[in-house]
Each structure stands twice: as structure tokens, then as C-alpha cells.
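Worksheet: the structure to be examined is printed underneath.
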Amino acid sequence: MTAYLNALGVICALGRDKQTVARNLFAGDCSGMRPESGWVAERELPVAAVRGELAPIPAELVDQRSRNNQLLLEAALQIRDDIDQAIQTFGRERIGVVLGTSTSGIDEASRGLAHYIREQEFPAEYDYRQQELGAPANFLADWLQLSGPAYVISTACTSSARALMSAQRLLDLGLCDAVLCGGVDSLCKLTLNGFSSLEAMSDERCNPFSANRSGINIGEAAVLFVMSKQPGDGPTIALLGAGASSDAHHISAPEPTGRGALQAMQKALNRAHLQAAQISYLNLHGTATQHNDAMESLAVATLFPEGVACSSTKPMTGHTLGAAGALEAAFCWLSLSADNPDHALPPHVWDAQADPALPPLQWVTTSERLTSIAPRYLMSNSFAFGGNNVSLIIGDAP
């Protein structure tokens, strides 16, 4: 069954609505990546934050207040009309919520615990439910008064890619007629210090697939799609295929030959009934760590022996962790949408110093264009700790 992606709300370092995000994405704008101190002791690190005040959590849901839920609310408000139309069409009990996150409200919890250690009591605004992994889905369902299935998937950096897969499954099983799906993750000390302790953080803007790559930058984002069995009024863009694998090679390092990544990409192609040569663009996981980029380039070169236009967008957005899969699927959606009249593709931003140890890939430049002739098929990769791999194919719906 075709899973139409009928509306998109998105907020990240590239902008706070899909038109701004699209404009800055296709221009290769990295200005949202800025050095900040205070996250990790004695280090100034580039982070891709959302700037400015966020929408307040409604008073009746104040016990669910967290930056994570505020980012999600911003994305939802962008597509409120589409959500209301789905509610009117299908009913509140036939609409599901499936989201990915890795942080939830852990930053609020960390500050609450620090206050407790100092004062022997929690601050008045602290509520343990803020930090639960299920909090984003609960918040969205409560705010919209939805009674369909509502849950969160947390598989580190594949969380929201898996959320899109899971949403499609709810439609296929007939459990829902529409699903609000995507992901959200906010900047917090826990994740920045965690990656710093793994020696995976770069002191400079990340440089994916370069001989000079030195690690990741962290960002934050919220992405929300309305996925439905029926096409909407706008462009008919759909999730056409998805593949997942779990190679369980190591708790944090990827399987070095790219076997699990290759399996996920091939499964996605099989589900979409496509050949590799039909893919017009590939959004790479491209974290700019030594091991990820080496593994991913091997897998891509194996699957696409004739080459495929590809890029990593993480120098513009940072690695948004649990939101990354949905965010990069959103970049594929934007590439196909009316918000991209020039048919541009997300460029690969790097120092152009290729790593001679890696197979060469076909990098997108700002002058590259996607064909305007449908059907067009775009792929997005997400890889996570524990050998958890997901590949999605977004394309013009048949």
C-alpha cells in the first residue's frame, strides 16, 4: 500500500519552516552551525541549534513542558491545517502518532536532578514524565486529543527512520488511516558529553568523507509528516520502500565492510520494486567519523557501481540523532516538492580533500539538478549504535 507523505513540518538549524529550510539546504548554507561553550567542560564545540524563542507549551499540558516537546510543537503548528483536515476526515481514533527520539526531556531531568542534589528537593517545574522516551508521542496525542496508537521508537540515530517504517506498517495493517510520524531531538549536555567521551566530536565543522574528517557535530530538529493511505492536495510524494538490518557488530562502531548497511539499502530497493540504477540521489548518513564514512562508502560503491549523486547534509544541520532519519527523509521530500522549483539537490559541503583509502563517490554540487520528469526516486540512509541500519526510499507516488 502506498504511504503518501502529504504534509511536512520541519524545524532545524536551517530554518523554522519548510520554505526557509529548503532555500538554505539547496544553497549549502552552514551558517546555523556555530561554536558554543558550556556544553562540554573546557571545550568550545560547533553545534547546530534552533535559535530564538520556541512556541510555549499550552497551559493545560504544562507538566509536559520540555524543549523537545516545544520543538515538536513548532513542527506540528506548521501543518496544523493538514492535521485538522485528517482528524475531520478519519476521526481522532483512526490517527496514530509514531515518533523517534533519543533525548526526550533528559535535559530538564538533568537540571532537575542537579537542583535536587543542591537543595534536597526537585524544582517546582520538574515532572518525571518529561524525561520518558514516550513523552513526545504522548504530548502530541494529548494536545490533539487523538486516541489512535501513539508511541516512540528509540533506536539511537535510526529512531525516526524506523518511526516512518512503523507508521507505514500501521497503515498497511489497517490500524490507522493516517499517522503523524517523524522525529525530534534537542541539544543537551548528556549527548554532547557522551560523544565527547567517545572521542567522536570534532572541534570544527564536520567534514564528511574527507581525508581530514575528525568527527561529528550535534544538532537539534523536529520533523513531522502526515502519512496517509490517500494522496493530499499537494505533490504526491510517498514512502515507497524501507529496509532495516541489525548487524550487532559492536555497541558503537559500525561493521567495517558495510554489510549491514548494504543489506538495508537492498531491502529498501526490493520493497520499492526498484533497481539501484533508478535512484537519482542518496542522502548519506555521513557523520564524518572515521569508521562510519569508511563503511558507508564501501556499501554505496558496492550497490551503485555506476555511481549515484550523493551528499551528507550534516555540515548544515549537525547530527540530529533521533531526528536525523526523518530530517534527511524530509530533505528528499523537499527535493521533490514545489518548494524546490529549480529541482536542486542538497549539495555535499566539505573541503574536497578525498580520502584515498575510500572508494570515490559522486558528490552533489550546488549546480546539480534533479530531473523534473517523474517518477523520481531518492534514498536516505541512517545508521545507529549497535549495528542498527535503515534505508528509506522517498519518491513520486505512482
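List of remarks:
- Extended-chain gain in nm, criterion 0.36 nm per residue less alpha-carbon gap, residue 353 and residue 371: 3.7 nm
- Mean-position separation - Cα centroids, segment 165-243 and segment 144-158, in angstrom: 13 Å
- Alpha-carbon Debye profile of segment 11-146, log10 I(q)/I(0) at 0.12, 0.15 Å⁻¹: -0.61, -0.91
- Here the Kirkwood formula puts the hydrodynamic radius of segment 65-220 at 17.2 Å, using every distinct Cα pair.
- For the chain, DSSP calls about 65 percent of its internal beta bridges antiparallel.
- Global form of the chain, assessed from the alpha-carbon gyration tensor, a/c cut-off 1.5: oblate
- Burial ranking of peptide ranges 273-282, 38-47, 131-140 (average Cβ count within 10 Å, highest at the top): 131-140, 273-282, 38-47
- Label-to-label distance for residue 19 and residue 172 is 3.7 nm, based on points extended 7 Å past Cα in the beta-carbon direction.
- Overall form of segment 345-388 per C-alpha gyration tensor (a/c, 1.5; a/b vs b/c): oblate
- Highest-MSF residue in the chain out of 336, 14, 54 [GNM, Cα springs under 10 Å]: 54
- Residues 125, 220, 328, sorted so that the one with the fewest Cβ neighbours within 10 Å comes first: 125, 220, 328
- Packing around the peptides 61-72, 169-180, taken as the average count of other Cβ atoms within 10 Å per residue, puts them in this order, highest first: 61-72, 169-180.
- Distance from segment 10-65 to segment 325-360 (C-alpha centre basis), Å: 20 Å
- Note on the chain: helix-only mean residue ellipticity at 222 nm, from DSSP H runs of 4+ residues weighted -39500 (n - 2.57) and normalised by residue number, equals -9500 deg cm²/dmol.
- Once the C-beta distance of residue 229 and residue 55 is scaled by a Förster radius of 30 Å, the resulting FRET efficiency is 0.50 to the nearest 0.05.
- Taken over the chain, lysine pairs spaced eight or more positions apart, or on distinct chains, with alpha carbons under 26 Å apart number 5.
- Label-zone membership for segment 296-312, site residue 275, 7 angstrom Cα→C-beta point, backbone N under 14 Å: 304-307
- Across every pair of non-identical alpha carbons in segment 28-93, the mean reciprocal distance, once inverted, gives a Kirkwood radius of 15.0 Å.
- Unit charges at the beta carbon, dipole of the chain: most positive-side option, 120, 170, 46: 170
- For the chain, size of Cβ-based charge dipole, Lys and Arg +1, Asp and Glu -1, in debye: 660 debye
- Residue-by-residue Karplus 3J(HN,Hα) for segment 99-104, coefficients 6.51, -1.76, 1.60, Hz, glycine and proline x: 10, x, 8, 10, 9, 6
- Most fluctuating residue given options 117, 57, 237, as computed from a GNM of the chain linking Cα atoms under 10 Å: 117
- Proximal charge balance of residue 12 [Cβ under 12 Å; K/R count +1, D/E count -1]: -2
Since every read-out is calculated from the coordinates, none of them should be taken as a lab result. The shown structure was predicted, so the numbers you read here are calculated from the model rather than taken from an experiment. All Cβ positions, glycine included, derive from the backbone under ideal geometry; neighbour counts span all protein chains shown.
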